[in-house]
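Encoded as structure tokens, the structure appears first; notes follow it.
Each reported figure results from applying straightforward, stated rules to the coordinates on display, with no laboratory input. Fair warning: this is a prediction, and the values are worked out from it, not measured in the lab. Cβ placement follows ideal geometry from the backbone for every residue including glycine, while neighbour counts extend to all protein chains displayed.
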Amino acid sequence: MTTGTITADVAGTWQLGDLTVNRLGFGAMRIPGGVDHTANRERSVAVLHRLLDLGVNHIDTAAFYFSPLLSANELINSTLRAHYAELVITTKVGASRTLSGEFVFARPQDLRGEVLENLRQLGRDHLDVVNYRVGRGMDKPTGSIADGFAELAKLREEGLIRHLGLSNIGPEHLAEAQAIAPVVCVQNMYGLGLRGDDELLRLCGEQGVAFVPFFALAHADPASTPVRFDGVQEVDGDVIADVAAAHGATPAQIRLAWTLAQGDHVLAIPGTGDPAHLEENVAAGALRLTDDELHRLSTAVRS
């Protein structure tokens with residue numbers, strides 16, 4: 001399909017509290033590169049500039065998105081700071097990484113420091129949206145998250161945070177948090193082959209809470225275009241290929257289009273360090289899958 005001239009507003013908009021975002025956003029995890037990847041500052045800066053051209057106004061980041069040479073927050077600050085008024089930048093606290101790359105998880109009393117560090121790195125006096133990232137790895141917490149979320153609610157009352165969200169949670173945690181302070185978004189691992197949160201997605205829609213999948217392009221087929229991710233159910237590649245051919249699209253674009261079709265409250269934040277891939281991701285927002293195609297895709301998951 002044609003790319004480059006399609007802008008992010010084609011996918012529609014959603015409200016994160018009083019902030020309007022295009023449903024097709026951007027995840028910044030890949031712009032610093034990874035521990036095993038060569039960092040390319042020039043290309044990463046080009047991606048961020050291209051975001052502006054393509055109308056992407058929702059950027060998801062975190063202080064722990066860094067490689068040995070680059071930091072996502074620093075790249076965003078140095079490249080996009082003059083455009084902050086046009087953007088909604090979502091970050092997350094509760095998880096962080098040591099300089100050696102080891103993940104550590106915050107106690108409630110640590111969260112203020114993590115918020116302040118995001119403010120420092122992004123060069124801001126407040127954060128648009130902060131997601132409370134809980135659990136170990138991809139394992140959701142089994143106990144209460146109230147103490148930590150209450151700490152973030154205090155920071156919201158102080159004006160350091162504008163809106164609050166949750167990440168890696170179950171339905172019971174959404175209810176628990178909503179009793180403390182408004183929740184504008186839930187960011188969980190979800191995609192065509194990652195369907196464990198179908199019910200949570202539905203609950204978010206009923207409550208007007210944005211559901212923001214991460215790893216929406218994760219897949220179990222090593223021959224597919226997106227990067228393989230362990231723990232994902234395999235989806236019949238022939239079905240994806242057939243739908244992609246009908247739209248002149250790539251398999252990754254079809255996965256993104258399916259994700260967006262799960263509800264008006266569903267936001268996509270695909271990440272990339274390549275300007276050409278960015279254009280393809282944004283163009284996926286223009287795809288309109290038929291009911292039959294959506295059914296075929298949804299039932300193509302192999303048990």
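Tabulated data
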| quantity | calculated |
| --- | --- |
| Residue order, fewest to most beta carbons within 10 Å, for 138, 29 | 138, 29 |
| Nearest-20 debye value, the chain charge dipole, Cβ charges on Lys, Arg, Asp, Glu | 600 |
| Largest to smallest principal axis extent of the C-alpha atoms in the chain, angstrom | 51, 43, 37 |
| Positive-pole candidate from 80, 68, 245, dipole of the chain, charges at beta carbon | 68 |
| Residue among 212, 235, 282 with the largest mean-square fluctuation in a Gaussian network model of the chain, springs linking Cα atoms under 10 Å | 235 |
| Nonlocal amide H pairs with residue 27, under 5 Å, H built at 1.01 Å | 60, 271, 272 |
| Net +/- balance of residues flanking residue 154 in space, Cβ distance below 13 Å, scoring K and R +1, D and E -1 | -2 |
| Rounded if a/c under 1.5, otherwise prolate or oblate - the stretch 1-115, Cα gyration tensor axes | oblate |
| Estimated [θ] at 222 nm from DSSP helical runs (n ≥ 4, -39500 (n - 2.57)) normalised by residues in the chain, nearest 500 | -10000 deg cm²/dmol |
| Most mobile of 22, 118, 40 in a GNM of the chain (Cα contacts under 10 Å) | 40 |
| Unit charges on C-beta of K, R, D, E only; dipole of the stretch 3-112, Debye | 160 |
| Point-to-point label distance, residue 207-residue 246, nm (Cα→Cβ direction, 7 Å offset) | 3.5 |
| Long-range HN-HN contacts of residue 187 with modeled amide H, under 5 Å | 166, 167, 168, 212 |
| Label-to-label distance, nm, for residues given as residue 120 and residue 157 (7 Å Cα→Cβ offset) | 2.6 |
| Cα-based helix-to-principal-axis angle, 237-247 vs the chain, degrees rounded to 10 | 80 |
| Between 0 and 90°, nearest 10: helix 41-53 axis offset from the chain longest Cα axis | 80 |
| Two-site label geometry, residue 146 and residue 46: point separation in nm, points 7 Å out along Cα→Cβ | 5.2 |
| For residue 57, residues with placed amide H under 5 Å, excluding near neighbours | 22 |
